[in-house]
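Written below as structure tokens is the structure these notes are about.
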Amino acid sequence: MTDPVQTQAANAMWGGRFAEGPDAIMTAINASIGFDQRLYAQDIAGSRAHAAMLAAQGILSDSDAKAIGEGLLTVLSEIEGGKFVFSTALEDIHLNVESRLTEIVGEAGKRLHTGRSRNDQVAVDFRLWVRDQCDAAISGLEALMRAFLAQAEAGADWVMPGFTHLQTAQPVTWGHHMMAYVEMFARDRSRFQDARRRMNECPLGAAALAGTSFPIDRHMTAAALGFDRPTANSLDSVSDRDFALEFLSAASICAMHLSRFAEELVIWSSAQFRFVRLSDKWTTGSSIMPQKKNPDAAELLRSKLGRVLGATVALFTVMKGLALTYSKDMQEDKEQTFDAADTLMLGLAAMTGMVSDMAANREGLKAAAASGFSTATDLADWLVRALGLPFRDAHHVTGTLVAMAEKAGIDLPDLTLEQMQSVHAGISAEVFAVLGVENSVRSRTSYGGTSPVRVVEQIARWKAALA
Ligand code: ARG
């Protein structure tokens, strides 16, 4: 197989001991420039910080450092202007940037790599990129939490059925259900914040693996790149990808949460449920069935968890069993993480849009809340409170009444007092007050309960926290 790359003598960056260039297939499997060009801004920022530090330490002349700093900005504008020609022969973003820099500034460009290696370079570039993604996830989650808060506020006391096993359980409030997601996405946010805090140490200056004999100042580069401190062990610095694994793990849990609400939207928007109407912006029609309005965005969000989780498992599989320190296996960290991050950001934005635009069917929710004997627990609790029955006996009496109503094809409040008294003589007309769904939700005032007073408190707490 012949290819211009193969016939070229050897790599300009490390070709000293090589007589021949790589096979074309080797180039195809080895090169990462096709995807790691996404790290260009981080790569240039890292190199600028490194060059400034080398000059401050007297390792590089001020004039060389100045030429490098300016040359790197030229490279940056070439890339951002779409004028940069990425070369596969130059393997990755690090060699592409350095090679172009040397074309632009000459000799000085060749001095940039003093006291560092691509191993610490890629570690710092990728860490900076993942750190940005944590920030993006945090602000995406805050937007999503605000969308759920707005829904909760609009219907803090609207009644809907609460489910266990997807069977009607007890009436709850719409506001309470929306706020459940605020809690979930708040935990996701704290996971990204936590991961960001832990990853915020700078591996630059670990060099290939052992550190360097040049008198570098790692605290200076760490500070210049917004890190809290340099990493403390050079071997760990170049072999660690925990920051990406933590990001992916947090992303997986977050995507799982997105998929759960996506599934609820699919169910709730169906003709059988009619709990919500999704806006035209987030649905599609059918080419054959004119009545259709399909919840495609929700369905896609439900499934996209698979990509994020897949990326997480893939990177764990890459890292598992790798001896210290850097191994080329680790180049496989990027595509997975890029895809997972893109998927997550798209998912957060789409869910925020769907939640903001959806319209809850207040009447439909209430009607559904009243069906399925949803206040049976309220009846049992009343028997305990009003008649002093042990809860187990109250449960049994209520079960008998439910069976009676079911047989008659009616709901619990439709039973007559006489029918009720035939099961337990002590039941009085007072019982009917607890069989209404509004009373039911209002009564659940325990901390964290579904009562509107508690929901309103939680909404206020979260609004203040997000302000
Ligand atoms: N492209 C490589 C990666 O993404 C950069 C580090 C290469 N280091 C090396 N010694 N070959 O991991």
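The values are calculated or read from the model by the stated rules, or taken from the named source; none is laboratory data. What you see is a predicted model, and the numbers here were worked out from it, not measured in a lab. Cβ coordinates were reconstructed from backbone atoms using ideal geometry, including for glycine residues, and neighbour counts include every protein chain displayed. Note: accessible area is taken over every heavy atom of the protein model, side chains too, but ligands, DNA and RNA are not part of it. Shrake-Rupley method; radii C 1.70, N 1.55, O 1.52, S 1.80 Å.
Is at least one residue of the range 336-344 farther than 30 Å from Asp120 by Cα, open to solvent by less than 60 Å² (accessible area, probe 1.4 Å) and away from the ligand (no atom under 16 Å from the Cβ)? Even if it seems obvious, please write down each step before you answer.
The first filter runs over the range 336-344 and keeps only residues farther than 30 Å from Asp120 by Cα, leaving none.
No: zero hits.
Which one of these is open to solvent by 10 Å² or more (accessible area, probe 1.4 Å) and not polar (S, T, N, Q): Ala360, Ala394? Break it down stepwise before answering.
Values: Ala394 fails: open to solvent by 10 Å² or more (accessible area, probe 1.4 Å).
From the options Ala360, Ala394, the qualifying one is Ala360.
In the condition set (1) under 30 Å from Gly21 (Cβ atoms); (2) open to solvent by less than 30 Å² (accessible area, probe 1.4 Å); (3) touching a Gly at 6+ places or on another chain (Cβ under 9 Å), Ala123 is compliant with all but (3). Residue check: Ala152 meets all listed conditions (1) within 16 Å of the ligand (Cβ to nearest atom); (2) open to solvent by less than 10 Å² (accessible area, probe 1.4 Å); (3) within 28 Å of the chain's Cα centre (by Cα); (4) not charged (D, E, K, R) but one, namely (1). Residue-level check: of (1) under 27 Å from the mean Cα position of the chain (by Cα); (2) crowded, with 22+ Cβ neighbours inside 10 Å, Ser249 misses just (2).
Of all the residues in the range 275-316, those that are among the hydroxyl-bearing types (Ser, Thr, Tyr) and within 16 Å of the ligand (Cβ to nearest atom) number 0. Taken over the range 76-125, the criterion of being away from the ligand (no atom under 12 Å from the Cβ) and among the basic types (Lys, Arg) is satisfied by Lys83, Arg100, Lys110, Arg111.
Taken over the range 246-287, the residue count meeting the criterion of being in contact with a strand residue (DSSP E or B) (Cβ under 6 Å, 6 or more places away or on another chain), without any contact (Cβ under 8 Å) to a residue 24 or more places away in the chain and within 19 Å of Trp158 (Cα to Cα) is 1. If we keep just the residues of the range 213-230 that are within 26 Å of the chain's Cα centre (by Cα) and buried (at least 20 other Cβ atoms within 10 Å of the Cβ), which is farthest from Asp194 (Cα to Cα)? Residue satisfying both the conditions and the ranking: Leu225.
Which members of the range 400-427 meet the condition of being open to solvent by less than 40 Å² (accessible area, probe 1.4 Å) and of a type outside the set (A, V, I, L, M)? Answer for the range 400-427, where residues must be open to solvent by less than 40 Å² (accessible area, probe 1.4 Å) and of a type outside the set (A, V, I, L, M): just Gly426.
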